[in-house]
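A.B. asks: Sharing a structure here in structure tokens format.
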Amino acid sequence: MNRRDFLKRTAVGVAATGFMALPEDIWAASTVRLTILHTNDMHSRIDPFPNDGRTNGGLGGMARRATLISQIRQQEPSVLLLDSGDIFQGTPFFNFFGGELEYKLMTQMRYDAATFGNHDFDNGLAGLQRQLPNAGFPFLSANYDFSKTILKDCFQPYKVFEKQGIKVGIFGLGIELAGLVDKKNYEATVYLDPVQRAADMVKQLRENEKCNLLICLSHLGYKYENAKIDDRKLAQQVPGIDLILGGHTHTFMEAPEKINHSNGHETIINQVGWAGINLGRIDFNFSKKNKQKINVAAVVLPVGQPVISS
């Protein structure tokens, strides 16, 4: 999708929400567009899936994703590129290089931040520590306490980015590792309640950091039928998060889900499958005058197209 088509889609969203339609030049002069690009559960998929008749044949590939991201950056001045975990494990690239290639390529693509998935512990804390120098972006983790491990003081719970005067607070949440990851791989890492930690982050980022937009990078999973915490339950229980970018369940969402709170706040949840097949794009428009969010538009961008054989 080019910028003109995306602007048309955004204009439809504005009209539907009751905002006055403005000529494009006046609209652009009075608003700031923030573009969020996101991935999850890449699972060491460096190359596209082989186009041999299999499911997802011809899709994905980090070189293709890098090209798509570069094109969007040329069109949009304010872009954040984020990942929601499980970067590691799934192809021989991980078995041979232990995550080095994944981190180096993500650094070349200029990822701004990521969080951890359970498979990012597959080579243990020492394996993770070994690869961190290859990552030119921060890992954010608000509910893993590494203070009694070799990764003490390596990570922050959140980071604040500023784009054209809009302050964006981003924090990370990980899934409970016990029962999912071998104890020897996470050692003395302590899992903290994600609901409480999310509430702490909302308070910190809203009240102290004065952020205009709050994003949670989550590897909790989109939806479970049991009581296990997931993105939907998190959104319902913690008002104040604007956007939850999920992972773990490999959910291909055609459109984001919106959770509305009694105080009028809206939380958007999105996830784009797995293996880098899709790149998620969510555009927020803010008023330049008061920094208030005006509207949002979202689209799923396939990375590559399958070749249909005759």
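None of the figures in this text is laboratory data; all of them are computed from the coordinates on show. The structure presented is a predicted model; accordingly, all values stated were derived computationally and were not measured. So basically every Cβ, Gly included, is an ideal-geometry build from the backbone, and we count neighbours across all protein chains shown.
A.B. asks: Once you sort the root eigenvalues of the Cα gyration tensor of the chain as a ≥ b ≥ c, which label holds: rounded (a/c under 1.5), prolate (a/b larger than b/c) or oblate (the other case)?
C.D. replies: Because a/c hits 1.5 or more and a/b fails to exceed b/c, the chain counts as oblate.
A.B. asks: Next question, about the same structure. Quick one: dipole size for region 33-302, taken about the Cα centre, charges +1 on Lys/Arg Cβ and -1 on Asp/Glu Cβ, in debye to the nearest 20.
C.D. replies: Charge dipole, region 33-302, about its Cα centre: 820 debye, nearest 20.
A.B. asks: Moving on to the next point. Express in nm, to one decimal, how much length is gained between residue 206 and residue 180 on full extension, taking 0.36 nm for each residue of separation and deducting their alpha carbon distance.
C.D. replies: 6.1 nm
A.B. asks: Would you mind checking 233/288; 159/258; 159/184; 104/152 for any pair whose Cα atoms are more than 26 angstrom apart?
C.D. replies: Beyond 26 Å: 233/288; 159/184.
A.B. asks: Counting helices only, and only those DSSP H runs with n ≥ 4, report the 222 nm mean residue ellipticity of the chain as the sum of -39,500 (n - 2.57) divided by its residues, in deg cm²/dmol to the nearest 500.
C.D. replies: Counting only the DSSP helices, I get -7000 deg cm²/dmol.
A.B. asks: Can you tell me the Rg and Dmax of region 47-101, counting just the alpha carbons, in angstroms?
C.D. replies: Considering region 47-101 through its Cα atoms, Rg and Dmax are 14.0, 39 Å.
A.B. asks: Please give me, ordered by residue number, the chymotrypsin sites (Phe, Trp or Tyr not before Pro) of region 211-310 that lie in loop per DSSP and have at most 14 other Cβ atoms within 10 Å.
C.D. replies: 224
A.B. asks: I've got another one for you. Counting Lys and Arg as +1 and Asp and Glu as -1, what is the net charge of the other residues whose Cβ lies under 14 Å from the Cβ of residue 252?
C.D. replies: Computed value for this residue: -2.
A.B. asks: May I pose another question? Which trypsin sites (Lys or Arg not before Pro) from region 36-107 combine a DSSP loop assignment with at most 11 other Cβ atoms within 10 Å?
C.D. replies: Within region 36-107, the qualifying trypsin sites (Lys or Arg not before Pro) (loop, at most 11 other Cβ atoms within 10 Å) are 54.
A.B. asks: Also, quick follow-up: With a 10 Å Cβ neighbour count serving as the proxy for reagent exposure, in which order, fewest first, do 38, 250, 119 appear?
C.D. replies: Going from least to most buried by this count: 250, 119, 38.
A.B. asks: Positive end of the dipole of the chain, charges at C-beta (+1 Lys, Arg; -1 Asp, Glu), about the Cα centre: which of 113, 301, 30 has its Cα farthest in that direction?
C.D. replies: Of the candidates, 30 comes out farthest on the positive side.
A.B. asks: With both bridge residues required to lie in the chain, what share of the DSSP beta bridges run antiparallel, to the nearest 5%?
C.D. replies: Restricted to the chain, the bridges split so that about 60 percent are antiparallel.
A.B. asks: Can I ask one more? Taking a ≥ b ≥ c as the square roots of the Cα gyration tensor eigenvalues, with a/c under 1.5 meaning rounded and otherwise prolate when a/b beats b/c, else oblate, which class fits region 186-310?
C.D. replies: Judged from the Cα gyration tensor, region 186-310 comes out oblate (a/c at least 1.5, b/c at or above a/b).
A.B. asks: Across all directions of projection, what mean area in square nanometres is found for the Cα convex hull of region 190-256?
C.D. replies: For region 190-256, averaging the hull's shadow over all directions gives 5.2 nm².
A.B. asks: Further, regarding this structure: Could you check the spin-label model distance between residue 254 and residue 299? Points 7 Å from the Cα along Cα→Cβ, value in nm.
C.D. replies: Taking the simple label geometry, residue 254 and residue 299 are separated by 1.8 nm.
A.B. asks: Give, in nm to one decimal, the length gained when the segment between residue 100 and residue 227 is fully stretched (0.36 nm per residue of separation minus the Cα-Cα distance).
C.D. replies: Residue separation times 0.36 nm, minus the Cα-Cα distance, leaves 42.1 nm.
A.B. asks: Right, something else. GluC sites (Glu not before Pro) within region 184-274: which are DSSP loop residues with at most 12 other Cβ atoms inside 10 Å?
C.D. replies: 225, 254
A.B. asks: Could you give the length gained on full extension between residue 148 and residue 236, defined as 0.36 nm per residue of separation minus the Cα-Cα distance, in nm?
C.D. replies: The span from residue 148 to residue 236 would gain 28.5 nm if fully extended.
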